[in-house]
Protein chains: 2
Amino acid sequence: MAARAAVHAHTSHNHRACIDDALATARGLCAERGVQLTPLREKVLQIVWRSHKPMGAYEVLDELARSHKSARPPTVYRALDFLMAEGLIHKIESLNAYLGCIEAGAPHSGQFLICRQCGATEEIVDPRLETALEAAAGRAHFRPERKVVEISGLCARCGK
Amino acid sequence: MAARAAVHAHTSHNHRACIDDALATARGLCAERGVQLTPLREKVLQIVWRSHKPMGAYEVLDELARSHKSARPPTVYRALDFLMAEGLIHKIESLNAYLGCIEAGAPHSGQFLICRQCGATEEIVDPRLETALEAAAGRAHFRPERKVVEISGLCARCGK
DNA sequence: GACAGGACTGTTACGTTGTAACATCCGTCC
DNA sequence: GGACGGATGTTACAACGTAACAGTCCTGTC
């Protein structure tokens with residue numbers, strides 16, 4: 001697969017379709033794997049997908065609570081844990097926040113470009129960068145499992 | 001500068017000298033820059049340098065409090081913020097923990113290999129990886145400022 | 001139908017990480 | 001001496017995350 005940026009956070013796009021796509025993909029993957037994408041989990045996934053900005057767990061909780069009175073921190077964290085385990089969302093470590101995954105189904109650690117101005121965060125899937133990471137670890141005789149790559153700065157629009 | 005790993009966390013080394021080196025470098029840099037490496041800040045730097053494992057802020061606080069009764073969370077966070085601003089320590093985002101910087105003076109975002117088994121964390125300075133990060137950002141017309149690279153897995157010793 | 005087991009969710013309480021805001025101290029410069 | 005700026009003291013709280021146990025609901029088995 002060629003290097004690409006599958007989400008153009010700043011490009012005007014039909015975000016409704018963007019969410020619907022993500023939900024449909026998620027439903028398909030979970031069915032295939034025999035795991036349960038329950039209404040609660042789907043709702044959380046939908047909330048995370050409402051923007052291309054990483055969302056804090058408590059922000060998700062506030063949103064969820066509007067339709068789900070009994071929501072508490074564990075409610076949200078369990079759903080987020082499930083979604084991460086299935087590769088449907090990523091955690092942005094430098095923000096303690098969560099973002100919908102644009103490559104659901106292909107297990108991978110994400111690589112992220114985080115705009116410090118507008119907050120929009122783009123997931124990139126760059127094989128050359130992946131190779132460089134593997135090589136760097138290899139030179140240190142290190143066996144990588146999870147790779148966190150989070151580049152913050154200014155996006156194309158904000159950096160003009 | 002060639003790619004290298006400046007700290008061999010697993011190699012037996014004279015860690016006392018390792019700390020002393022770091023403190024001497026820090027004193028020199030701060031003097032040069034006209035900023036104050038106060039006794040409190042130096043103590044915190046020393047504590048962070050006591051191991052090659054990232055240390056949580058509250059862990060630093062516990063240690064600091066042994067010799068400094070009035071230490072409170074803000075005491076530690078202020079010192080850590082100062083040390084980060086001067087490039088003397090790094091924050092490991094995926095662990096919410098702090099680690100002495102092995103390239104103090106050369107402003108850089110670190111690249112880290114974090115062993116999930118023994119906890120030892122090695123900072124690497126790999127120009128090829130740096131180039132790959134810049135290139136990946138460039139292809140997305142993104143202007144990078146801070147680059148977080150944290151690879152966790154098994155170190156050479158634990159992965160055998 | 002009973003019931004055992006497992007997956008999911010509800011609920012309470014608490015642990016960890018980080019910060020706001022204001023007070024105090026202390027050296028420097030005029 | 002008095003204003004100031006930087007550093008630290010102090011209290012309180014905000015934000016992020018989890019342990020532990022209880023209840024619900026479905027399913028497979030007898």
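We did not get these values from a lab; they are worked out from the coordinates using the rules stated. Being a predicted model, the structure only gives us computed values, none of them experimental. Here the Cβ positions follow ideal geometry from the backbone for every residue, glycine too, while neighbour counts run over all protein chains shown.
Some observations on this one:
- Between A:Ala106 and B:Asn14, the distance separating the two model label sites (each 7 Å from Cα on the Cα→Cβ line) works out to 5.1 nm.
- FRET efficiency for B:Arg33 and B:Glu134, using Cβ-Cβ distance with R0 set to 30 Å, rounded to 0.05: 0.70
- Point-to-point label distance, B:Lys69-A:Tyr77, nm (Cα→Cβ direction, 7 Å offset): 3.6 nm
- Shortest-first distances to equivalent copies, position B:Glu134, nm, label 7 Å out along Cβ: 2.4
- Antiparallel bridges, percent of DSSP beta bridges restricted to segment A:14-153 (to nearest 5): 65 percent
- A point 7 Å from Cα along Cα→Cβ stands in for A:Ala65, and the other copies hold the same point at 3.0 nm, listed in rising order.
- Stretchable slack from A:Asn96 to A:Arg157, in nm (0.36 nm times residue separation minus alpha-carbon distance): 19.5 nm
- Between 0 and 90°, nearest 10: helix B:127-139 axis offset from chain B longest Cα axis: 70 degrees
- Fraction of the pair-distance distribution of the protein assembly as shown above 27 Å, Cα-Cα pairs, percent: 50 percent
- For segment A:29-77 versus segment A:91-160, the gap between their alpha-carbon centres in whole angstrom: 22 Å
- Note on segment B:13-153: the alpha carbon radius of gyration divided by the globular reference 2.2 N^0.38 Å gives 1.09.
- Sum of -39500 (n - 2.57) over DSSP H runs of 4+, divided by residues of chain B (222 nm, nearest 500): -12500 deg cm²/dmol
- 0 to 90° range, to nearest 10: angle between helix B:39-48 axis and chain B longest Cα axis: 50 degrees
- Computed over chain A, relative contact order equals 26 percent, with contacts defined as Cα pairs under 8 Å that lie 6+ residues apart.
- Among B:35-41, A:140-146, the order from most to least packed when residues are scored by Cβ within 10 Å on average: A:140-146, B:35-41
- Sorted from shortest to longest, the distances between the B:Ala31 label points of this copy and the other copies are 7.1 nm, with each point 7 Å from Cα along the line through the beta carbon.
- Summarising the amide proton neighbourhood of B:Ile124: residues at separation of 5 or more, or on other chains, whose placed amide H is nearer than 5 Å comprise B:Gln111, B:Phe112, B:Leu113.
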